[in-house]
1. Of all residues in segment 57-110, how many are in a loop (DSSP other than H, G, I, E, B) and over 24 Å from the mean Cα position of the chain (by Cα)?
2. Looking only at segment 3-56, which residues are at pLDDT below 90, in a loop (DSSP other than H, G, I, E, B) and open to solvent by less than 40 Å² (accessible area, probe 1.4 Å)?
3. Taking the stated definitions as given, is Leu290 aliphatic (A, V, I, L, M), over 29 Å from Asn155 (Cβ atoms) and either in contact with an Asp or Glu (Cβ under 9 Å, 6 or more places away or on another chain) or not in a strand (DSSP E or B) (or both)?
4. What helices (runs of 4 or more DSSP H) lie completely within segment 150-246 and have 2 or more residues being basic (Lys, Arg)?
5. Taking the conditions exactly as written (open to solvent by less than 50 Å² (accessible area, probe 1.4 Å) and not aromatic (Phe, Trp, Tyr)), does Gln268 satisfy them or not?
6. Just need a number here: residues in segment 258-282 that are in a loop (DSSP other than H, G, I, E, B) and hydroxyl-bearing (Ser, Thr, Tyr).
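The values are calculated or read from the model by the stated rules, or taken from the named source; none is laboratory data. Quick caveat: nothing in here was measured; it's all calculated off a predicted structure. Every residue, glycine among them, receives a Cβ derived from its backbone with ideal geometry; neighbour counts consider all protein chains shown. We work out accessible area using only protein heavy atoms, side chains counted, and drop any ligands, DNA or RNA first. Shrake-Rupley method; radii C 1.70, N 1.55, O 1.52, S 1.80 Å.
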Amino acid sequence: MKLMPQLGYDLGSYIFLFFCTMAFIQIIWVLFIYLRVLLHKDKTPSNAYQPLSIIIAARNEEDNLFNNLPHILAQDYPEFEVIVVNHQSKDNSKFILRAFQKEFDNLRVIELEPNKHFNIGKKLPLTIGVKGAKYEHLLFTDADCKPASNQWLKNIAAQFGEKESMILGYGPYHKEKGLLNRIIRLDTSMIAMNYLGFAKARVPYMGVGRNLAYTKSLFESNKGFKSHYQIPSGDDDLFVQSAAKKKNYTICINKDAFAYSTAENSWQNWFRQKSRHFTTTAHYGVFKKLMLGIYPTTLLLLYTSFLILCLSFKLNWLVLIIFGSLIALKWIVQGAILSKLNERSFAWAFPLWDVFYAILAPVIYYTSEKSNARTWK
């Protein structure tokens, strides 16, 4: 006896065609966007290294500066400077930085004293850091970031070339116990899979400010953050959208070039962090918004139509072959990308995590969007 006898043959046929359409879109996404990330090969470091300026905008980061800055200053690289713009900090950051300056002669500190006319977003200190940089090639990170190795600079710098003036790196989170940490790492890796894949498909829409490199010339020719300076966030995604053009960018996913951060330890803090990030999405173009929504939407519709076909006894070998082949393809390609991003724990059960995240992402967006937190630190 049919579980849904009211579902006629014609309607079942339409659902089958709908299912095939959703599966086709998913296949296109996997092959033309995500497969590019899997096949990407970073350029290997050579003996010719251009001087680098590392720029860090910090506000009330005494603990992070104490723990992470030595790993940045001790990179295995012939010539580089580290510029820390201490932006109106009220803690002991100033004294920690002074102590490090006595030990490391390549550390430069720019102090921005409290001023009611200064906003507390990152764009002002980053702009000051760029203007004060001695070198043409710039690398940006955050005070709460620790390089995966002392080869971080060499691997990022190797990606610059005659055409490539912007490098999109990856900034994962340290693995710790607990559901929240797992959710944050899943969110970070799925976002990375998207922005890296879209960049390889020549539709760049974001990078991460904790591991992003570009030239001073590119910053100046783009007039810095002028087009979106009034928005608290966007120093990474909105800048990438305005400056990444005509194949002048590439990605770097060498594990030695990752910049690790410690994830938030409370749901409230994480939602506040996500809220700051989401302030920029309203400024994305319609095309980019559409592209970013297609994958999760078609994925959920694919599973929904598959379940309807199962419940209505319209399931047949062709449906199973299409569904099984798609799952296998996604498992191989996207699961392998997660392994490259050092998140193997998500790779082995990727199809389940894939559906879970397609449901979770809009929940995160619409929940965290209600937060009033719109400032940096």
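1. Looking only at that region, the number is 13.
2. Leu7, Gly8 - these are the residues of segment 3-56 that are at pLDDT below 90, in a loop (DSSP other than H, G, I, E, B) and open to solvent by less than 40 Å² (accessible area, probe 1.4 Å).
3. Against the criterion (aliphatic (A, V, I, L, M), over 29 Å from Asn155 (Cβ atoms) and either in contact with an Asp or Glu (Cβ under 9 Å, 6 or more places away or on another chain) or not in a strand (DSSP E or B) (or both)), Leu290 qualifies.
4. 179-200
5. Criteria not met by Gln268.
6. Here is the first cut: in segment 258-282, the ones in a loop (DSSP other than H, G, I, E, B) are 258, 262-266, 279-280.
Subsequent filtering for residues that are hydroxyl-bearing (Ser, Thr, Tyr) retains 262, 266, 279-280.
Count: 4.
To keep it simple, each residue is scored yes or no on (1) farther than 17 Å from Leu338 by Cβ; (2) open to solvent by less than 30 Å² (accessible area, probe 1.4 Å).
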site: Leu186; (1), (2): no, yes
site: Ala192; (1), (2): no, yes
site: Gly197; (1), (2): no, yes
site: Arg210; (1), (2): yes, no
site: Lys216; (1), (2): yes, no
site: Ser221; (1), (2): yes, no
site: His228; (1), (2): yes, yes
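Residues are listed down the side, and each one gets a yes or a no for (1) at pLDDT below 95; (2) open to solvent by less than 10 Å² (accessible area, probe 1.4 Å); (3) more than 26 Å from Ala336 (Cβ to Cβ):
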residue: Gln151; (1), (2), (3): no, no, no
residue: Gln159; (1), (2), (3): no, yes, no
residue: Glu162; (1), (2), (3): yes, no, yes
residue: Gly169; (1), (2), (3): no, yes, no
residue: His174; (1), (2), (3): no, no, no
